[in-house]
Amino acid sequence: MTRRRADMSSAAARLYQDLRDAGLEIPTRESLGTYRTALRDGSAAPIQAVVESFDGVIEMVDVNGIRCRQLTPCGWRSEHDRVILYAYGGGYVSGSTSEDQVITAPLAQRSGARIIMVEYRLSPEHRYPLPQQDMRQVYTALLAQYGAARLIVSGESAGGNQALGLMQHARDHGQALPRCAVLFSPWCDLANQGDSHIFNDARDPTLNNAWVDIAAGWHAGDCPLDDPGLSPIHGDMRGLPPCVITTGSRDLLLSQCLRLAAKLHAAGVKCDLRVWDGLWHVFEFYPIPEAGLSILEIAEFIRAH
């Protein structure tokens with residue numbers, strides 16, 4: 001009998017099993033603060049490792065009244081080098097710019113771009129559209145400081161939602177668009193529709209339908225989940241810049257990524273969809289060889305655009 005397996009590294013296979021064994025905690029409204037603290041504390045060691053190895057400067061800055069974390073690699077030139085506006089993930093209800101340094105520090109190092117991570121407000125304390133307004137406020141300031149030709153927008157999961165929605169809003173309000181976009185497993189449909197929400201619900205070790213449905217409700221409030229401002233997959237894709245989307249075959253949001261890529265292509269937008277076999281939601285967050293390879297490929301995409 002043929003033994004079938006996913007085409008992933010042994011490190012990824014071991015981590016996948018460890019994540020499945022650990023299970024997925026779903027917080028309540030009452031335990032959400034403790035849940036956020038536990039996520040930050042649990043990321044302390046990998047954050048320290050990437051910060052210590054980062055060849056450059058990491059600092060907190062104020063951009064148009066919004067607190068941001070800025071990563072500037074050595075050799076970055078303020079006159080003409082590129083700037084990435086980055087939105088972290090966490091379902092709009094958790095996460096921060098601190099945890100996502102495990103993605104942004106190597107991305108800044110590999111791409112040579114300065115990265116500005118927005119510390120946007122979280123739901124349910126600050127529901128839609130307040131987190132989106134924070135992103136727009138920073139984007140407007142960066143347009144004035146650097147110009148659209150130097151800007152790239154990026155984000156993972158809910159941050160991918162932020163990046164996509166930001167571009168649509170900028171286009172619709174007469175603002176210049178960035179040169180390209182990088183979307184890691186974007187959560188672009190808060191109604192959580194698609195086949196992978198069925199077949200990957202028990203296969204993605206980091207995300208399940210129960211959690212994304214709760215997070216969507218906390219963030220949306222009374223706004224319909226298919227509203228294009230909340231779920232940008234339902235918005236107009238015409239005129240957007242080139243995009244790269246990464247996901248994995250076990251990503252709960254795989255179908256969302258596939259649908260988004262199809263909509264972008266149909267609208268005439270250049271879109272590079274990269275599906276990694278055997279991997280899960282935002283696998284770039286984890287210490288596996290595939291994460292480094294994906295970030296390296298994304299850095300090459302950024303340099304090419």
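The values are calculated or read from the model by the stated rules, or taken from the named source; none is laboratory data. Small disclaimer: the values here were computed from a predicted structure and weren't measured. Here the Cβ positions follow ideal geometry from the backbone for every residue, glycine too, while neighbour counts run over all protein chains shown.
If a residue has to be surrounded by fewer than 23 Cβ atoms within 10 Å (Cβ to Cβ) and in contact with a Ser or Thr (Cβ under 9 Å, 6 or more places away or on another chain) to count, how many in the stretch 98-113 make the cut?
Residues that pass the stated criteria total 5.
Can you name the number of the only condition in (1) charged (D, E, K, R); (2) part of a loop (DSSP other than H, G, I, E, B); (3) within 30 Å of residue 213 (Cα to Cα) that residue 67 fails?
Exception for residue 67: condition (2).
Among the residues of the stretch 1-31 satisfying the criterion of being basic (Lys, Arg) and at pLDDT below 95, which is surrounded by the most Cβ atoms within 10 Å (Cβ to Cβ)?
My answer is 5.
Could you say which residue among 211, 280 is touching a residue at least 60 places away in the same chain (Cβ under 8 Å), aromatic (Phe, Trp, Tyr) and not in a loop (DSSP other than H, G, I, E, B)?
211
For the stretch 114-129, give me the residue count where each residue is surrounded by fewer than 20 Cβ atoms within 10 Å (Cβ to Cβ) and under 16 Å from the mean Cα position of the chain (by Cα).
Qualifying residue count, the stretch 114-129: 2.
Taking the stated definitions as given, is residue 71 closer than 30 Å to residue 151 by Cβ and at pLDDT 95 or above?
Spelling it out, residue 71 is indeed closer than 30 Å to residue 151 by Cβ and at pLDDT 95 or above.
Hey, residue 203 hits all of (1) over 17 Å from residue 180 (Cα atoms); (2) in contact with a Pro (Cβ under 9 Å, 6 or more places away or on another chain) but one; which does it fall short on?
Checking residue 203 against (1) over 17 Å from residue 180 (Cα atoms); (2) in contact with a Pro (Cβ under 9 Å, 6 or more places away or on another chain), the one that fails is (2).
Cβ-Cβ below 8 Å, separation at least six or inter-chain, first residue in the stretch 178-205 and under 16 Å from residue 245 (Cα atoms) and touching a residue at least 12 places away in the same chain (Cβ under 8 Å), second β-branched (Val, Ile, Thr) and assigned to a loop (DSSP other than H, G, I, E, B): which pairs?
Every condition considered, the pairs that remain are 184/282; 185/282.
Could you please find all residues in the stretch 77-110 being outside any loop (DSSP other than H, G, I, E, B) and over 13 Å from residue 54 (Cα atoms)?
83, 84, 85, 86, 87, listed by residue number.
For the stretch 32-45, which positions are surrounded by 12 or more Cβ atoms within 10 Å (Cβ to Cβ) and of a type in the set (A, V, I, L, M, F, W, C)?
Result: 32, 38, 39.
Under 6 Å between Cβ atoms, at least 6 apart or on separate chains: pull out the pairs that start in the stretch 130-145 with a residue that is under 16 Å from residue 115 (Cα atoms) and surrounded by fewer than 18 Cβ atoms within 10 Å (Cβ to Cβ) and end on any residue that is at pLDDT below 95 and of a type in the set (Phe, Trp, Tyr).
Filtered contacts from the stretch 130-145: no entries.
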